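Trainee: One structure, pasted below without further comment.
The values are calculated or read from the model by the stated rules, or taken from the named source; none is laboratory data. Here the structure is a predicted model, which means the values were calculated and not measured. Cβ sites come from the backbone with ideal geometry, for glycine too, and all protein chains shown count toward neighbours. Only protein heavy atoms, including side chains, enter the accessible area calculation; ligands, DNA and RNA are left aside. Shrake-Rupley method; radii C 1.70, N 1.55, O 1.52, S 1.80 Å.
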Amino acid sequence: MKKKDIDWQNLGFSYIQTDQRYVSNFKDGAWDEGVLTSDANVVINECAGVLQYCQACFEGLKAYTTEDGKIVTFRPDLNAQRMVDSAARLVMPEFPVERFVDAVTQVVKANAEYVPPYGSGATLYLRPYMFGSSAVIGVKPADEFQFRLFATPVGPYFKGGAKPITIRVCDFDRAAPHGTGHIKAGLNYAMSLYAIMDAHNQGFDENMYLDAATHTKVEETGGANFIFVTKDNKVVTPKSDSILPSITRRSLMHVAKEYLGLEVEEREVCFDEVKDFAECGLCGTAAVISPVGKIDDHGKEILLPSGMEEMGPITKKLYDTLTGIQMGKIEAPKGWIHVIE
């Protein structure tokens, strides 16, 4: 297939408008059939629920070209189910899992010329989202909604390789107990913007959020879950009801146990024990794993033994194995790879 005339090797991680996107509207208690459209603009009432009370959720996943030339997506059913969970918490209608996966398939097929070639390091990023579209002036849920899904080609998150980053322990809270930290709501990310810009202004790459109740346990960053490796090579991830259930993190834990034969553990992680870990990384769709080399705790530095030069050895094995599965180099568990026919 002929591809668009794009400099794939030098793509950034930013929006590029593609040809088609999917739109479906919920009205009178039901979703319509949904259509592909070339119109990238969203037209809504000035009093729409999303504008007044931030009634919105979203997802993020990617389409890849594998080593054998197929176009695939990675575990889209899990993104679909997470959106169902997000919608329920925000009093929004469920967009069925099978329709979500079908919308992914339609959008990728319609924009196949934008799927970067194998070996370029680039991917086609997919952004499904849902919002309250009807007018709401009192504090209550909207009664009409719109589900949309667009695609944009993006370059590799790390140009020139993944270099360890420096993060700080953040004084702001990301999510409250019994709040919305476990869903992918736009409001969570709006609340994190001030904190991440403040971190950047202070010379740090990211924030480490601790639990809001006690500020003693590790939760996540503004957009990624933590993954730790102990000195005896056990893979540990924090457990909390206010952490977003990352699909990448869940996949990495499976890879660690089933592919690499490592012991894995999901549990509460006290900040006091972070200094004793051998490796640390941030995991998510965009970068898969961002290695962490240094953590600043209000001027006191925690230097991970893996260092600031490259990924730690276990983190690197996890990264290579999962990306190998995604790119078709390594056989995937059943149901992980959705081929776009």
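Trainee: Yes or no: Val218 open to solvent by less than 60 Å² (accessible area, probe 1.4 Å), modelled with pLDDT of 95 or more, touching a strand residue (DSSP E or B) at 6+ places or on another chain (Cβ under 7 Å) and of a type in the set (Val, Ile, Thr)?
Mentor: Against the criterion (open to solvent by less than 60 Å² (accessible area, probe 1.4 Å), modelled with pLDDT of 95 or more, touching a strand residue (DSSP E or B) at 6+ places or on another chain (Cβ under 7 Å) and of a type in the set (Val, Ile, Thr)), Val218 qualifies.
Trainee: Then there is this: Which of (1) within 20 Å of Met308 (Cα to Cα); (2) in contact (Cβ under 8 Å) with a residue 60 or more places away in the chain; (3) out of contact with any Gly (no Cβ under 8 Å at 6 or more places or on another chain); (4) open to solvent by 10 Å² or more (accessible area, probe 1.4 Å) is the odd one out, the single condition His200 does not satisfy?
Mentor: It fails just one condition, (2).
Trainee: Search region 85-100 for residues being farther than 20 Å from Val136 by Cβ and either among the basic types (Lys, Arg) or touching a helix residue (DSSP H, G or I) at 6+ places or on another chain (Cβ under 9 Å) (or both), and hand back the single one that is least open to solvent (accessible area, probe 1.4 Å).
Mentor: Going through the qualifying residues, I end up with Phe100.
Trainee: Looking at region 15-49 only, could you name the residues that are within 18 Å of Tyr129 (Cβ to Cβ), part of a loop (DSSP other than H, G, I, E, B) and open to solvent by less than 70 Å² (accessible area, probe 1.4 Å)?
Mentor: Hits for region 15-49 are Ile16, Thr18, Gln20, Asp32, Gly34, Ala40, Val42, Ile44.
Trainee: Any residue in region 204-213 that is of a type in the set (A, V, I, L, M), open to solvent by less than 20 Å² (accessible area, probe 1.4 Å) and at pLDDT below 95?
Mentor: no
Trainee: Being outside any helix (DSSP H, G or I), in contact (Cβ under 8 Å) with a residue 60 or more places away in the chain, under 29 Å from Leu11 (Cα atoms) and open to solvent by 40 Å² or more (accessible area, probe 1.4 Å) narrows it down to one residue among Gly293, Gly307, Gly328, Gly335; which is it?
Mentor: Of Gly293, Gly307, Gly328, Gly335, the one residue that is outside any helix (DSSP H, G or I), in contact (Cβ under 8 Å) with a residue 60 or more places away in the chain, under 29 Å from Leu11 (Cα atoms) and open to solvent by 40 Å² or more (accessible area, probe 1.4 Å) is Gly328.
Results for (1) surrounded by fewer than 19 Cβ atoms within 10 Å (Cβ to Cβ); (2) touching a helix residue (DSSP H, G or I) at 6+ places or on another chain (Cβ under 7 Å), shown as yes or no for each residue.
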position: Ala190; (1), (2): yes, no
position: Ile196; (1), (2): no, no
position: Ala224; (1), (2): no, no
position: Lys234; (1), (2): yes, no
position: Thr237; (1), (2): no, yes
position: Thr248; (1), (2): no, no
position: Glu273; (1), (2): yes, no
position: Ala278; (1), (2): yes, no
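Trainee: Can Phe150 be described as among the aromatic types (Phe, Trp, Tyr), modelled with pLDDT of 95 or more and either touching a Ser or Thr at 6+ places or on another chain (Cβ under 6 Å) or on the phi > 0 side of the Ramachandran plot (or both)?
Mentor: No, not satisfied.
Trainee: Now, a different point. Can we say Pro116 is outside any helix (DSSP H, G or I) and farther than 18 Å from Gln17 by Cα?
Mentor: No, not satisfied.
Trainee: Still on this model: Can Ser86 be described as among the hydroxyl-bearing types (Ser, Thr, Tyr) and in contact with a Cys (Cβ under 8 Å, 6 or more places away or on another chain)?
Mentor: For Ser86, the condition - among the hydroxyl-bearing types (Ser, Thr, Tyr) and in contact with a Cys (Cβ under 8 Å, 6 or more places away or on another chain) - is met.
Trainee: Kindly list the number of the only condition in (1) open to solvent by 10 Å² or more (accessible area, probe 1.4 Å); (2) not in a loop (DSSP other than H, G, I, E, B) that fails for Ile243.
Mentor: (2)
Trainee: Tell me which residues, restricted to region 111-139, are open to solvent by 40 Å² or more (accessible area, probe 1.4 Å) and not β-branched (Val, Ile, Thr).
Mentor: The answer is Glu113, Pro117, Tyr118, Gly119, Gly121, Arg127, Tyr129, Ala135.
Trainee: Looking at (1) farther than 22 Å from Leu124 by Cβ; (2) in contact with a helix residue (DSSP H, G or I) (Cβ under 6 Å, 6 or more places away or on another chain); (3) of a type in the set (Gly, Ala, Ser), which one does Gly261 not meet, given that it meets all the others?
Mentor: Checking Gly261 against (1) farther than 22 Å from Leu124 by Cβ; (2) in contact with a helix residue (DSSP H, G or I) (Cβ under 6 Å, 6 or more places away or on another chain); (3) of a type in the set (Gly, Ala, Ser), the one that fails is (2).
Trainee: In this structure, does Lys62 turn out to be charged (D, E, K, R), modelled with pLDDT of 95 or more and surrounded by fewer than 19 Cβ atoms within 10 Å (Cβ to Cβ)?
Mentor: Considered against the rule, which asks whether it is charged (D, E, K, R), modelled with pLDDT of 95 or more and surrounded by fewer than 19 Cβ atoms within 10 Å (Cβ to Cβ), Lys62 comes out as no.
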